[in-house]
Amino acid sequence: MTDFSPPPSSDTITVEASASTGTIQRRARGFLALFFVAIGLYTLKGFLPALLWGCVFAISIWPLYRRAELRFGRNDWLPMVFTLAVALIFLVPVSLVGVKVADEARSALEWIDDVRNNGIPMPEWVPHLPFLSAQATNWWQNHMTSPQRLSHLLHSVDVGHGMQMTKQVGSQLARRGTLFAFSLLTLFFLLKDGDSVIRKCLLGSQRLFGEQGESLAKQMISSVHGTLAGLVLVGLGEGAIMGIVYMATGAPQPLLFAMVTAVAAMIPFLAWPTVGLVALLLLAKSSMIGAIVVSAIGSVVIFIADHFIRPALIGGSTKMPFLWVLLGILGGAETWGLLGLFLGPAIMAALHLLWTLWTEVNPRKGVYAED
């Protein structure tokens, strides 16, 4: 007898299909999201440094911006004022340094032309060296005071090569200026829509990583604030102090070298070469006392800043050992350039928090937190 059982209903087919394809659809959505994230990052790879700098600027000044917003109210001109202030903080020193560098370049070309014609006169302190004074005097007279020998030494200074380098520098300045403009644009929109961005970031972090995601974000933000205080502000303080010392000792171009010292001091231990260069320039001007004063005060200032002030500011805000901070700063600077001064400590702060959470003992169970 033939079995004429009814075909399965459409409802049954729908349930079976949804149960079997639900996992596939979730995986497909995940792979699709990863694909678009990867292709988006690849598309924006040339502007990622500008976007990251905008985020660093926004995180750094967000507490100050919030206080200003509470006092003056939320409006469109407040983020514009803060963005303009950040732009001036960078553009004014860069403009001053550019003018000084242009003047020094012109003076250097004039000096090279004079050296080719007349040689380099021997400084007064060479014959008065405590040792090897006769050998140094003879060497200087035989090699540095002769225009013919110096012309052979300086034959590599080529005008055409200088023009090519000028074009390369100009193209790099144009590119850096474009990235800086996009950084400021990113900063403006992050300040303008900061509350919405923070709320959505917290919601996404909660969905992806749970409660520990917010702790991770707070640790990275604290590292940026600590890096700002420990590197940028301390570096500016070192530059200001050494600028006063440069002016008091009669160093050449004290304002320019003060700015260079401030920028160099933002990286631990990098201010030593700048201070040493100023001391050598003072020594070349026969100002041995000035060179000793610059070396002594610079050593004290750099030692105190690098061994006491920076560890307290950066490590205190992130509750992280200074070795981790130092590795993050130096490794980040080597990998990412100036941007790595902020990214490096933030990455190390996240790793330190993850390590702390992984190895933390649960007081209720007497075991590790992950058990």
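The values are calculated or read from the model by the stated rules, or taken from the named source; none is laboratory data. Keep in mind the model is a prediction, meaning the values are calculated, not measured. Reconstructed Cβ throughout: ideal geometry from the backbone, glycine too, with neighbour counts over all protein chains shown. Areas reflect the complete protein model, heavy atoms only, side chains present, ligands, DNA and RNA absent. Shrake-Rupley method; radii C 1.70, N 1.55, O 1.52, S 1.80 Å.
Values computed for the structure shown
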| item | result |
| --- | --- |
| Selection status of Ser60, farther than 22 Å from Val224 by Cα and either among the aliphatic types (A, V, I, L, M) or under 23 Å from the mean Cα position of the chain (by Cα) (or both) | no |
| Number of the exception - Pro254 against (1) open to solvent by 30 Å² or more (accessible area, probe 1.4 Å); (2) in contact with a helix residue (DSSP H, G or I) (Cβ under 9 Å, 6 or more places away or on another chain); (3) in contact (Cβ under 8 Å) with a residue 12 or more places away in the chain | (3) |
| Hey, Ala305 outside any loop (DSSP other than H, G, I, E, B) and free of Cβ contacts under 8 Å to residues at least 40 places away in the same chain or not | no |
| Conditions (1) touching a Leu at 6+ places or on another chain (Cβ under 8 Å); (2) under 30 Å from Ala284 (Cα atoms); number of the one not met by Gly235 | (1) |
| Trp272, sole failed condition from (1) open to solvent by less than 50 Å² (accessible area, probe 1.4 Å); (2) within 20 Å of the chain's Cα centre (by Cα); (3) of a type in the set (Phe, Trp, Tyr) | (1) |
| Flag for Ile292 being in a helix (DSSP H, G or I), farther than 28 Å from Ser60 by Cβ and open to solvent by 50 Å² or more (accessible area, probe 1.4 Å) | yes |
| Long-range neighbours under 7 Å by Cβ, at least six apart or interchain, first residue more than 26 Å from Gly73 (Cβ to Cβ) within region 174-196, second buried (at least 17 other Cβ atoms within 10 Å of the Cβ) and aliphatic (A, V, I, L, M) | Leu179/Ala50; Phe182/Ala50; Ser183/Ala50 |
| Leu326 surrounded by 16 or more Cβ atoms within 10 Å (Cβ to Cβ) and either modelled with pLDDT of 80 or more or assigned to a helix (DSSP H, G or I) (or both) | yes |
| Matching residues in region 270-289 - criterion: being farther than 25 Å from Val232 by Cα and part of a helix (DSSP H, G or I) | Leu280, Leu281, Leu282, Leu283, Ala284, Met288, Ile289 |
